[in-house]
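Peer 1: I have a structure I would like to understand better, so I am pasting it below and will then ask my questions one at a time.
All of the numbers you see were taken from the coordinates with simple rules; none came from a lab. Everything quoted here is computed from the prediction, not taken from an experiment. No Cβ is skipped: glycine too gets one built from the backbone with ideal geometry, and neighbour counts run over all protein chains shown.
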Amino acid sequence: MRCPFCHQDHDKVIDSRSTDGGKVIRRRRQCLDCSKRFTTYEHIEENTRLTVIKNDGSRVPYNREKLLSGLQKACYKRPIAIERLAQLVEEVEEGLFHRNQREIQSIDIGQAVAERLKSVDQVAYVRFASVYKHFRDLDDLLDEVRDVLEGEPPERPEQGQLF
């Protein structure tokens, strides 16, 4: 595993924990070169591959990294820790895999992400929704913002703590 700070691949595992019912292994590591600590997550690859049906009818393999990347873009410069985004992706994946379907519509994935993101950060939700809902004009965007403002407030971190 390469250190995210010095990019060397000399590290030791300090702590390992199983999470999500054994589906994910969290490892706390320390670089032997720069002594900085970092966390890695190992995910069990599902035997059944999930196929995503895009809006144009094309089919592509499900890609966890693409989902996380989209969330990171929506949360750019927002006070949300990457660990919270990874947790959100885990929640969405758990729902997807429990359906026991081999194919899923991209719109269903977008809805699942949007539901969870709305309770985490309203600005990130509107950014995500603007891509996922394909707003036609500013009125569509304003309608969505009004809906968000009328809904429940998002989670709030404790003082000095990120999500």
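Peer 1: Where in the chain lies the longest segment free of GluC sites (Glu not before Pro) that are both loop residues by DSSP (not H, G, I, E, B) and have at most 10 other Cβ atoms within 10 Å? Display every interim value, and only then the final one.
Peer 2: On the way: sites that count: Glu45, Glu158.
Result for the longest clean stretch: 46-157.
Peer 1: So if we plug the beta-carbon distance of Ser18 and Ser130 into 1/(1 + (r/R0)^6) with R0 = 30 Å, what FRET efficiency do we get, rounded to 0.05? Mind dumping the intermediate values first?
Peer 2: Numbers: r = 37 Å, r/R0 = 1.24.
For Ser18 and Ser130, the calculated efficiency is 0.20.
Peer 1: In whole Hz, with x marking every Gly and Pro, tabulate ³J(HN,Hα) for region 54-61 from phi via Karplus 6.51 cos²θ - 1.76 cosθ + 1.60, θ = phi - 60°.
Peer 2: Per residue, the Karplus-derived 3J(HN,Hα) values read 6, 4, 7, x, 6, 10, 9, x Hz.
Peer 1: I'd like the chymotrypsin sites (Phe, Trp or Tyr not before Pro) in region 52-134 restricted to DSSP loop residues with at most 13 other Cβ atoms within 10 Å, sorted by number.
Peer 2: Numbers: sites: Tyr62, Tyr76, Phe97, Tyr125, Phe128, Tyr132; in loops: Tyr62, Tyr76.
Those that pass, being in a loop and sparsely packed, are Tyr76.
Peer 1: Please give the calculated 222 nm ellipticity per residue for the chain, where each DSSP H segment of at least 4 residues contributes -39500 (n - 2.57) and the sum is spread over every residue; nearest 500 deg cm²/dmol? Intermediate values should be presented prior to the final figure.
Peer 2: Working: 5 runs with 67 residues, N = 163.
Only helices count here, giving -13000 deg cm²/dmol.
Peer 1: Among (1) 31, 22, 14; (2) 32, 16, 14; (3) 38, 18, 14, which is the computed semi-axes √(5λ) of the Cα gyration tensor in Å?
Peer 2: Label of the calculated value: (1).
Peer 1: What Cys residues in the chain are without a partner cysteine, judged by a Cβ distance under 4.7 Å?
Peer 2: So far as the 4.7 Å Cβ criterion goes, Cys75 stand without a partner in the chain.
Peer 1: With 10 angstrom as the radius, rank Asp108, Asp11 by how many other C-beta atoms surround their C-beta, starting from the fewest.
Peer 2: Details: Asp108 15, Asp11 20.
Taking fewest neighbouring Cβ atoms as first place, the list is Asp108, Asp11.
Peer 1: Starting from the amide H of Tyr62, placed 1.01 Å from N in the peptide plane, find each other amide H under 5 Å away whose residue is 5 or more places distant or on another chain.
Peer 2: Correct list: Leu50, Thr51, Val52.
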